[in-house]
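The structure appears below as structure tokens.
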Amino acid sequence: MSEPFKLLLVEDSEEDAELVLRFAKKVKPGLSYKRVQTEDEMKLACANEPWDLILSDYNLPKFSGLEAIRVLKESKADVPLILVSGTIGEETAVEALKTGASDYVLKSNLGRLATAIEHALRAKKAEFENRRLLKQLEQAQKMEAVGRLAGGVAHDVNNALAAITIYAETAIEQIKTGDASAAKECLEGILSSQQSAAGIVKQLLSFSRKNLGPSEVIDFSIALERVRPLVKTLLGERIAFDVELPQTPLHVLADPVQIEQIIMNLAVNARDAMPTGGRFEISVNSVQVKASPMDARIPISSGQYACLSARDSGTGIAPDILEKIFEPFFTTKELGKGTGLGLPVIYGIVKQAKGTVVVESRMGVGTEFQIFWPTVNPKTEAKARPEPKSAAAPHVEAGGTILLVEDEDSLRRPLGAILRKMGFEIIEASNGTEALKLIADKKLTINLLITDMVMPRMGGLELAKQVRGQSPHARILYLSGYSDEDIDDARIDSSTTWFLQKPFSSKAFSEKIAEILAAKPRKDC
């Protein structure tokens, strides 16, 4: 059975409220409602309950319809609001619509209320559907680019694996002959090649994940440098690739993955425009914008911006197509050759950041995209966005029970050796079911659980939940190279849980264990 339609009515007159409800019920006969009369009551209602529609009087004692719109915006509730007024001038009505009202209806013409409600609900449904489709498009564009990368990535990873194999074979021979110095050089080569391969995998995982991380203050140039090797792989050997970076840092507020995604999508388009080869150039510089550029796709305010320019020497974009390139699902590709140019995704990201996009193209000469992203002062931003303070984790005494659960023997053995070298007695298990049996048979209280995220029969999240049921104050260290399950704030308590991304070094693992053991105990323990 579906939940009843919920209406929030902002109205001080009981008589008017009954009249408005009578017309509203013509559209939603079984609606439930709540009537509020003051700003504080509306704030409380928006904060505590979800609403499908808000009907607000324009003139209230010490409160107005425009203030009701402001309260709704501050609550961040995505709800249509219709103003219902006895007297509202045309100029005021226009201002209300610009401010965020879905519609306005005069109390002398409540017969139009049903039509206004239906229209507002249809518009909200269409907006929701557009957002859903855009999110699907964004993920599809990511995966399309990853698919195009597959060949180049396989080439680079195989090169790294070939180097590791040769280094390892040479090291074995050098050890046999007693040449320790040469063997050491080979082992260092193995580590270097491993880091190269790990870097490629890490880029792919972050690029293909659905949920973007939180925004943070980053140097635009550093974000570009991180993705540069991946772009070079994508473009291939027939396209010359050059990057020009500014001398000083350009700090922006962004999710680094979003910056990488923009660059990757631009690179994909550039490569498609140069099937026989060419040149792709990226530059970043600081720009003082006094007025929004005339050809900007999104109007922007004056201020300091980081400007990313991406230029190719490709076929160019025809003028009639240029106007459509940011439309969702628009594509010039053949059926089955991709979901589109990827530019609607760029448009959405840049718009959300309060930036803009400028495109210039000439047939047979090439195309240039300019991405304007607002810069921030890192010191000011740090003060405005203080780091959240998490509760301290319960203390783990050295020598407490540590349970190590990892299904790969080749990884569990060296991890166990590191822990024993640190002075800990540990218990090992190859999967969650085996771990729980050990706990039950030996009646263990677990101080620290170190577990892989993805294992056969029982994954790390479920194991941790079971362990916490028996040892509420157990700390958890998750290890993972990849997980199908999202690790979000609702499922991980940062005060008692840590995460270490594979692959990691023995030093990184030891430091993480030391960090966990160094945390102070909570007062309730």
- prompt: Do you know which residues across the stretch 237-284 are buried (at least 18 other Cβ atoms within 10 Å of the Cβ), over 30 Å from LYS135 (Cβ atoms) and acidic (Asp, Glu)?
  reply: none
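Of all residues in the stretch 498-512, which are closer than 15 Å to THR451 by Cβ and either part of a loop (DSSP other than H, G, I, E, B) or aromatic (Phe, Trp, Tyr) (or both)?
Let us first name the residues in the stretch 498-512 that are closer than 15 Å to THR451 by Cβ, namely 498-502, 504, 509, 512.
If the condition is that a residue be closer than 15 Å to THR451 by Cβ and either part of a loop (DSSP other than H, G, I, E, B) or aromatic (Phe, Trp, Tyr) (or both), then TRP498, PHE499, LYS502, PHE504, PHE509 are the ones that fit.
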- line: Per the filter on the stretch 285-303, residues surrounded by 15 or more Cβ atoms within 10 Å (Cβ to Cβ) and either free of Cβ contacts under 8 Å to residues at least 60 places away in the same chain or of a type in the set (D, E, K, R) (or both) are ASN285, ARG297, ILE298
message: So, restricting to strands (runs of 3 or more DSSP E) that lie completely within the stretch 210-320, which ones have at least 1 residues that are at positive phi and modelled with pLDDT of 90 or more?
response: 278-289, 303-312
task: Evaluate the following for ALA474: is it in contact with a Leu (Cβ under 9 Å, 6 or more places away or on another chain), surrounded by 21 or more Cβ atoms within 10 Å (Cβ to Cβ), farther than 14 Å from THR401 by Cα and not acidic (Asp, Glu)?
output: no
- request: Might you let me know whether the stretch 95-104 holds any residue that is over 22 Å from PHE128 (Cβ atoms) and touching a residue at least 40 places away in the same chain (Cβ under 8 Å)?
  value: yes
- prompt: Quick one: how many residues across the stretch 60-114 are touching a strand residue (DSSP E or B) at 6+ places or on another chain (Cβ under 6 Å) and part of a strand (DSSP E or B)?
  reply: 7
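Specify the residue that is nearest to LEU479 (Cα to Cα); the eligible residues are those in the stretch 425-463 that are among the small types (Gly, Ala, Ser) and buried (at least 16 other Cβ atoms within 10 Å of the Cβ).
Top of the filtered list is GLY460.
Matching residues to (1) of a type outside the set (A, V, I, L, M, F, W, C); (2) touching a Phe, Trp or Tyr at 6+ places or on another chain (Cβ under 6 Å); (3) in the same structural domain as VAL350 (by TED's automatic domain parsing):
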residue: PRO246; (1), (2), (3): yes, no, yes
residue: PRO249; (1), (2), (3): yes, no, yes
residue: ILE263; (1), (2), (3): no, no, yes
residue: VAL268; (1), (2), (3): no, no, yes
residue: GLY277; (1), (2), (3): yes, no, yes
residue: PHE280; (1), (2), (3): no, yes, yes
task: Quick one: in the stretch 158-188, of everything that is surrounded by 13 or more Cβ atoms within 10 Å (Cβ to Cβ) and among the β-branched types (Val, Ile, Thr), which residue is nearest to THR233 (Cα to Cα)?
output: ILE164
message: Being touching a Leu at 6+ places or on another chain (Cβ under 8 Å) and either not in a loop (DSSP other than H, G, I, E, B) or not aliphatic (A, V, I, L, M) (or both) is the filter here; which residues of the stretch 27-37 pass it?
response: LYS28, SER32, TYR33, LYS34, ARG35, VAL36, GLN37
Failed item in (1) in contact (Cβ under 8 Å) with a residue 40 or more places away in the chain; (2) in contact with a helix residue (DSSP H, G or I) (Cβ under 9 Å, 6 or more places away or on another chain); (3) in a loop (DSSP other than H, G, I, E, B), with ASP12 passing the rest: (2)
query: Across the stretch 451-464, what is the total count of residues that are modelled with pLDDT of 90 or more and out of contact with any helix residue (DSSP H, G or I) (no Cβ under 7 Å at 6 or more places or on another chain)?
result: 1
statement: Taking the stretch 92-112 and keeping residues over 17 Å from LEU53 (Cβ atoms) and under 41 Å from the mean Cα position of the chain (by Cα) leaves THR92, ALA93, VAL94, GLU95, LYS98, THR99
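The values are calculated or read from the model by the stated rules, or taken from the named source; none is laboratory data. Please read these numbers as outputs of a predicted model, since none were measured by experiment. Glycine also receives a Cβ, built like all others from the backbone with ideal geometry; neighbour counts cover every protein chain displayed.
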